[in-house]
Amino acid sequence: MKTKLKELRTQAKLTQQQLADLVHVSARTIISIEKEQYSPSLMLAYRLAVVFGVTVEELCCLKENKEQEDRQYEDL
C-alpha cells in the first residue's frame, strides 16, 4: 500500500529509528512501510497520523489506493 510516510518523515527531519521509537515499533517496520512491503495496522496508522498531524486517510493515500484497487477488479 502506498503511503506518504517517507515524505512526512523527511519533512519532519526524523530518522526511521526516531519515528519508530515515537510509535513503539522497530525501525524495520518503518522501513517496510516506506518500501510498500508492509501495510500498517489501523492502530499503527493512527499513531503515525497523530505524530504528523494528518488523517489516516491522508497518510495512507486511501483514495488513491482504493482507485488503484478498483481498476484491478475492473480488469478481471
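Data overview
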| read-out | value |
| --- | --- |
| Residue list for segment 31-76, restricted to those being of a type in the set (Lys, Arg), within 15 Å of Gln16 (Cα to Cα) and over 10 Å from the mean Cα position of the chain (by Cα) | Arg47 |
| First in segment 17-32 and free of Cβ contacts under 8 Å to residues at least 40 places away in the same chain, second anywhere and part of a helix (DSSP H, G or I) and open to solvent by 40 Å² or more (accessible area, probe 1.4 Å), Cβ under 6 Å, 6 or more apart | Leu22/Val51; Val23/Arg47; Ala27/Gln16; Ala27/Gln17; Ile30/Gln16; Ile31/Gln16 |
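The values are calculated or read from the model by the stated rules, or taken from the named source; none is laboratory data. These figures come from a predicted structure and were not determined experimentally. FYI the Cβ positions are ideal-geometry reconstructions off the backbone, even for glycines, and counts take in every protein chain you see. These accessible areas exclude ligands, DNA and RNA; they are computed on the full protein's heavy atoms, side chains included. Shrake-Rupley method; radii C 1.70, N 1.55, O 1.52, S 1.80 Å.
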